[in-house]
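One structure is given below, encoded as structure tokens.
Each value in this text was obtained by applying a stated rule to the coordinates, not by laboratory testing. What you see is a predicted model; the values in this text were computed from it and never measured. Positions of Cβ are backbone-derived with ideal geometry, glycine not excepted, and every protein chain shown enters the neighbour counts.
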Amino acid sequence: MIEIVDIWKSFSRKKILCGVNLSISDGEIMVIIGGSGAGKTVLLKHIIGLLKPDRGQIFINSISLSTAATSHLEKIRKQFGMVFQSSALLNSLTVWENVALPLIEHTNMSTEEIGKLVSEKLNLVQLHGIEREMPANLSGGMKKRIAVARAIIRNPAIILYDEPTSGLDPVTGHSIENLIVDLKRNLNVTSVIVTHDIEGACRMADRIAMLLHGEIVEVGTPSETRKSSNPAIRQFLQYEK
Amino acid sequence: MNSRATSFLGRTGTGILNGFAGAGGTICLLGKGIYWCKASIPNRSKIVHQMDVAGVGSLPVVSLVAIFSGMVLSLQTGIELSHFHIEEMVGSIVSVSMFREMGPVISAIIVAGRVGAAMAAELGTMRVSEEIDALETMSINPVRFLIMPRLAALVLMLPVLTVFGILIGIFGGAVIAKNIMNVDYQVFLQNGIDFLHYKDIFSGMTKSVVFAFLIAGISCYQGMNAAGGAEGVGKATIRAVVLSFLFVLIFDYFLTRFFY
Ligand SMILES: Nc1ncnc2c1ncn2[C@@H]1O[C@H](COP(=O)(O)OP(=O)(O)OP(=O)(O)O)[C@@H](O)[C@H]1O
Ligand SMILES: [Mg+2]
């Protein structure tokens, strides 16, 4: 359960978030849509505690992120996986090492066990035979999928995706969407997805939230969103086709 | 006029405050880095890698600079001493100044320019490309994962480089003394050993350890706090090198005052 209560954030007087309220239940796929620069990435970084709100609180399973000590924060974060908009792979490590890193750092698994899990997850994102490559030599879409593999390697309970399908061809994009839905069905994973792609959002989401002018202006199921009378959402839907 | 004065005061004030904040942040980062040395055994491969990059990689430059410094030192003092017909004393001057001063400072300056700059640029790039944020989301402590290996490697390797530089510098000095002032190797060496005290060796080594902490602390702090894309990384690198040079020389003075 993720509860976002009245979050305010500004960067040097520029107001980005002005009282965001949203709660996401366990096993739910919540898609956040909004225009470029609306503050979607900023909101996502608040959920995992990378940014601190100027005002307001975020609760993960009723534990407040802002009052948690650093060591506690590290424990809370072990339940999370995050896919950055820029993928944020470690450029000094190979693809294999990148995906394996959370396991190497936090478990005592043998290299064979880790290797098995790594190739399993890389298969899930349709990548094979690139384990020895360096991230700098890969395409943006490949990096995105490696970032997804890294985020899911430890089977986290909550996964945050910042534009997981942008920069992917429709076929690979669909397979990532299916992967997200499968993770929910099979492992009851909670997902928060930021995207521009309202079609994809409707396919995956349990609920869709629209972020506009620093606030969540509407939350609803995909069918409710399609019927919404909110002009901003209508505009989004209109340009999609 | 008045507003210009206030804005000047304002900028000066902000500059001073930023300076204190930077100093505080650097000390805090160093403290955390030292704390995480408790995890050095499981992270030994990272430390060894950094030792290779920082230490072994700097060896050629340090040797080259040290040998020429020793040669120049020998030549300059030897010429003066020969006016008084005591050129055999050149050995003591070269070895004492190499141990006390030249060895530690030369190695530190080279390492600051080479390794400190690389640390700041590398960490700065990781910061602006969100790699450090990504580490945090994976519950991997960036200080343990990135800072501690660099700090430990530098503190272990800079004294080694310094000893190496000192010995090469003395060798260079001896060659010049033999070939130009006609001072025998044996005389040069005997003079060098006779006038060298344990204190000279000890103070030189203490300096190089302190310099290693300074360079690693300043460079890592600047890198970790880089902001604003490629330009920000460039600025962080410049600050890392300039501040390292400056603080190496400032601490050199005060350590010398402390020891002598
Ligand atoms: N660290 C920061 N410092 C200053 N301003 C920032 C920072 N991070 C984000 N911003 C500002 O916050 C606003 C929202 O940024 P954000 O990255 O959340 O947008 P977004 O909704 O994710 O857009 P996009 O869909 O293009 O990714 C932008 O105007 C950006 O300039
Ligand atoms: Mg974004």
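Going through segment A:47-83 one residue at a time, which ones are of a type in the set (Val, Ile, Thr) and in a strand (DSSP E or B)? Passing the criteria: A:58, A:60, A:63, A:83. Please verify whether residue B:73 is part of a helix (DSSP H, G or I) and farther than 30 Å from residue B:176 by Cα, treating the condition exactly as stated. Here the answer is no, as residue B:73 does not meet what is asked. Consider segment A:150-165 and keep the residues that are more than 13 Å from every other protein chain (Cβ to nearest Cβ) and either more than 16 Å from ligand 2 (Cβ to nearest atom) or in contact (Cβ under 8 Å) with a residue 40 or more places away in the chain (or both). The one that is surrounded by the fewest Cβ atoms within 10 Å (Cβ to Cβ) is A:155.
Residue count for segment B:210-256 satisfying the condition of being within 12 Å of residue B:128 (Cα to Cα) and either hydrophobic (A, V, I, L, M, F, W, C) or buried (at least 20 other Cβ atoms within 10 Å of the Cβ) (or both): 7. When A:216, A:180 are checked against the criterion of being in contact (Cβ under 8 Å) with a residue 24 or more places away in the chain, closer than 18 Å to residue A:29 by Cβ and under 15 Å from the mean Cα position of the chain (by Cα), A:180 stands alone in meeting it. Count of segment A:1-59 residues, restricted to those that are touching a Phe, Trp or Tyr at 6+ places or on another chain (Cβ under 7 Å), within 16 Å of ligand 2 (Cβ to nearest atom) and within 20 Å of residue B:137 (Cβ to Cβ), is 2.
Residue A:85 passes every criterion in (1) more than 9 Å from chain B (Cβ to nearest Cβ); (2) within 16 Å of ligand 2 (Cβ to nearest atom); (3) of a type outside the set (Phe, Trp, Tyr); (4) over 19 Å from residue B:140 (Cβ atoms) apart from (1). I need the full set of residues from segment A:91-127 which are acidic (Asp, Glu) and surrounded by fewer than 16 Cβ atoms within 10 Å (Cβ to Cβ), in order please. Passing the criteria: A:112, A:113, A:120. Answer yes or no: is there a residue in segment B:152-170 that is more than 21 Å from residue A:147 (Cβ to Cβ) and free of Cβ contacts under 8 Å to residues at least 24 places away in the same chain. Taking every residue of segment B:152-170 in turn, at least one turns out to be more than 21 Å from residue A:147 (Cβ to Cβ) and free of Cβ contacts under 8 Å to residues at least 24 places away in the same chain.
All of B:186, B:190 fail the test of being touching a residue at least 24 places away in the same chain (Cβ under 8 Å), surrounded by fewer than 18 Cβ atoms within 10 Å (Cβ to Cβ) and either part of a helix (DSSP H, G or I) or not basic (Lys, Arg) (or both), apart from B:190. Consider segment A:169-198 and keep the residues that are outside any helix (DSSP H, G or I) and within 16 Å of ligand 1 (Cβ to nearest atom). The one that is farthest from the other protein chains (Cβ to nearest Cβ) is A:197. Listed conditions (1) free of Cβ contacts under 8 Å to residues at least 60 places away in the same chain; (2) within 12 Å of chain B (Cβ to nearest Cβ) are all met by residue A:117, apart from (2). Pairing each residue of segment A:49-64 that is within 22 Å of residue A:16 (Cα to Cα) with any residue that is among the charged types (D, E, K, R) and more than 16 Å from ligand 1 (Cβ to nearest atom), provided the two are 6+ apart or on different chains, yields C-beta distances under 6 Å for A:56/A:6; A:59/A:3. Number of residues in segment B:97-130 that are surrounded by fewer than 24 Cβ atoms within 10 Å (Cβ to Cβ) and within 14 Å of another protein chain (Cβ to nearest Cβ): the value is 8. Here is the figure for segment A:95-114: residues that are touching a residue at least 12 places away in the same chain (Cβ under 8 Å) and away from every other protein chain (no Cβ under 14 Å) total 3.
Residue selection: residue A:79 fails the criterion of being touching a residue at least 60 places away in the same chain (Cβ under 8 Å) and under 22 Å from residue A:171 (Cβ atoms). Anything in segment A:12-61 that is small (Gly, Ala, Ser), away from every other protein chain (no Cβ under 14 Å) and near ligand 1 (Cβ under 9 Å from one of its atoms)? List them, or say none. Across segment A:12-61, the qualifying residues are A:34, A:35, A:36, A:37, A:38, A:39. Among all positions in segment A:85-94, there is at least one residue which is in contact (Cβ under 8 Å) with a residue 60 or more places away in the chain, closer than 17 Å to residue B:131 by Cβ, under 20 Å from the mean Cα position of the chain (by Cα) and part of a strand (DSSP E or B).
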